[in-house]
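So the structure is just underneath, and the comments pick up after that.
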Amino acid sequence: YPYFNDFEIGAGCWVTEPSYSSTSPSSWQLGTPNKPIINSAASGANSWITGLTGNCNPSEESYVLSPCFDFSGLILPIFEFKIWYNMGNSDLAVLEYTTDTGYTSPSYGIGWKWTKVGNIGEGNNWFNTPSSSSKQGWTGNSGGWLLAKHTLDSVAGKDHVQFRLRFINGTNITSEGFAFDDVKIYESPM
């Protein structure tokens, strides 16, 4: 650490998939954004975005999955990245993590175990849904690239940590969606 990926030389083991419950394929692509609103990467030419040139898919639920990280030597890791979103009010994007590869043991019930990183009002530019909302994340319009940053104290010392940026298009009305770039993970200077 520090870990840094600006996606200029490829995905770096980040992959995309639709959610198991999605009725629509993933629109996530890595490349140069060229939309009316989200029209550039945060740095260089490439970023992850829900469709390089068009809107995201209607009724889409998909994600970009990170590689696995070993935080066993970190005391207070920090996750930061640049984000740009242009979504409807029923659309949502959220950063989540798992320490068990996302799978819950059958003895506890079959399913995927992901935990959202942070809450509204924490960190820097972290989530903007109303505090009364049962689903927290990013929605609406950011107006350009923002630096979003949050501590990861709940995964400090863990040897297997994986993240996913999950995108949910809540209606059949399409939007440009969500983009992210310049992912950094590092130890807090305290």
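The values are calculated or read from the model by the stated rules, or taken from the named source; none is laboratory data. Remember, it's a predicted structure, so these values are computed and weren't measured experimentally. Backbone-built Cβ (ideal geometry, glycine too); neighbour counts: all protein chains shown. Just so you know, the surface numbers come from the protein's heavy atoms only, side chains and all, with ligands and any DNA or RNA stripped out. Shrake-Rupley method; radii C 1.70, N 1.55, O 1.52, S 1.80 Å.
Here are the numbers for this structure:
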{"quantity": "Residue in the range 49-62 that is nearest to Asp182 (Cα to Cα), counting only those that are in contact with a strand residue (DSSP E or B) (Cβ under 7 Å, 6 or more places away or on another chain) and modelled with pLDDT of 90 or more", "calculated": "Ile49"}
{"quantity": "Counted residues, the range 153-179 - those being over 19 Å from Phe69 (Cα atoms) and aromatic (Phe, Trp, Tyr)", "calculated": "2"}
{"quantity": "The range 132-190, subset aromatic (Phe, Trp, Tyr) and farther than 20 Å from Ser40 by Cβ, residue least open to solvent (accessible area, probe 1.4 Å)", "calculated": "Phe163"}
{"quantity": "Any chance Gly121 is open to solvent by 30 Å² or more (accessible area, probe 1.4 Å), at positive phi and at pLDDT 90 or above", "calculated": "no"}
{"quantity": "Positions within the range 88-98 being open to solvent by 10 Å² or more (accessible area, probe 1.4 Å) and part of a loop (DSSP other than H, G, I, E, B), in sequence order", "calculated": "Gly88, Asn89, Ser90"}
